[in-house]
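Reviewing the structure listed below.
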Amino acid sequence: MAELKDIGVAVLGFGTVGGGVVKTLAEKEALLLERLGLRLVLRGVADLDVESDRGVSVDRSLLTTDARALIEREDVDVVAELIGGTGAARELVLHALKLGKPVVTANKKLLAEHGPELHKVAAQYGAELLFEASVGGGIPIIKALREGLVANQINSMYGILNGTCNYILTRMEEEGLSFDEVLAAAQAAGYAEAEPSLDIDGHDTAHKAAVLAALAYGGSVPLDNIQVTGIRGMAAADITYAAKMGYRIKLLAIIRNCAEGVEVSVQPTLVERRHPLATVLGVYNAVLVHGDVVGTTLYYGRGAGRMATASAVVADLADAALNLRAGGHRRDLSAVPERAPVVFREPGGIVARHYVRFSMKDRPGTLAKVAAVLGAHGIGIDSVMQQEGPENAEYVPVLFVTSQASERAMAEALAEIEGLEDVIDQKPVRYRIENSA
Ligand code: HSE
């Protein structure tokens, strides 16, 4: 077989990440040639808007609005989908795969919602689907799971996977600011989207958790099976109380292989301050992976941003190019879904310790009523701390730390407590606690 020296690349989407990929391909051409022994040559960039300045120098003749025609060109060997969403992106990815062309994508939503379909088509047409940039931005977590940890059964993964949320939580704790104040500042600084719900309601983290879980266990995780709680409206008081108790609150994706099945959840979680994930601050992401052979491993870096994400996309382009030259796929994921179907645990069965804050009527006997309901649902209490409220306040904050209890038991008990007369005046706040590193 003739040795391929030039690999033609099509970039679909000239936004933040697309611009970063175009810039990296230009700036790193010589380095990549030296390392790979082949040249990644940009054949074209497709976007509906080819007029706006993206702050990246590119030969205007490479810009096109016709993504399909670009994909179909004979001198395009690999396609990078950096459009986002599940409309045009899905159609164009399928189109490229059906032409047998490898596709590199950063699109976690597309993978979380249509992963099985895309992997099936990729296998059917003998094309690779690579998605390093979809989780953890520049952190090579996909490569670590697929290659570095290939000999391991993954016992668990704990991830801080959304930079926006981690930035908000960090500033709330460090500066004692409210959620709304930090969100507004983050939006003004361009760290948070103008429409932030995908990030702050936890869905972006859930998409990434679904990608990681599918990679580690095969099959696909129905998004409905992921219990998702975001950080919207988190009270600064809970961050302060958690700190007093020796914890920091993080939005964690938790993926665990339990006897009852694989559990996947996204929720604000109290982690001990000496836990490795407690030290991940600002926009940084991290994933703690426990493999049965290797033990504990930690991956850390920038989870978003033009150049961090471009680093991951170009790594996938390089892999796709090397695989094309080798005439095959070094890493064929299509074998994974063929395994025995994975059981994903229903969210109600997930068991953990919990932090609960009640705004409780300051009157003898109230605490006993709450404790009685928890006890009736089989929920043990590890500690109770009443906090000072305003002087002469009718209701005061009371913090409970529970022993291990299921989501279902906690939800039922708290609903019952909310229904008690004259006991609490606000919805209880409940977060998970994770101690083990
Ligand atoms: N909006 C995401 C974040 C990056 O804040 O981490 C893209 O997934």
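The values are calculated or read from the model by the stated rules, or taken from the named source; none is laboratory data. This is a predicted model, so every value here is computed, not measured. Counting neighbours? That spans all protein chains shown, and the Cβs are built from the backbone with ideal geometry, glycine included.
Summary table
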read-out	value
Within the range 295-318, considering residues that are farther than 17 Å from residue 135 by Cα and touching a residue at least 12 places away in the same chain (Cβ under 8 Å), the one surrounded by the most Cβ atoms within 10 Å (Cβ to Cβ)	318
Residue among 341, 337 that alone is assigned to a helix (DSSP H, G or I), under 32 Å from the mean Cα position of the chain (by Cα), at pLDDT below 90 and over 30 Å from residue 41 (Cβ atoms)	337
Qualifying residue in the range 132-139 (condition: in contact with a strand residue (DSSP E or B) (Cβ under 6 Å, 6 or more places away or on another chain), within 13 Å of the ligand (Cβ to nearest atom), in contact (Cβ under 8 Å) with a residue 12 or more places away in the chain and aliphatic (A, V, I, L, M))	yes
Out of 99, 82, 111, 94, sole residue that is hydrophobic (A, V, I, L, M, F, W, C) and modelled with pLDDT under 95	111
Hits in the range 124-146 (condition: more than 25 Å from residue 283 (Cβ to Cβ) and in contact with a Pro (Cβ under 9 Å, 6 or more places away or on another chain))	127, 128, 129
Strands (runs of 3 or more DSSP E) wholly inside the range 346-437 containing at least 2 residues that are in contact with a His (Cβ under 8 Å, 6 or more places away or on another chain)	395-402, 429-434
Given (1) within 12 Å of the ligand (Cβ to nearest atom); (2) in a helix (DSSP H, G or I); (3) at pLDDT 95 or above, index of the condition residue 159 fails	(2)
Selection status of residue 254, in contact with a Cys (Cβ under 8 Å, 6 or more places away or on another chain) and β-branched (Val, Ile, Thr)	no
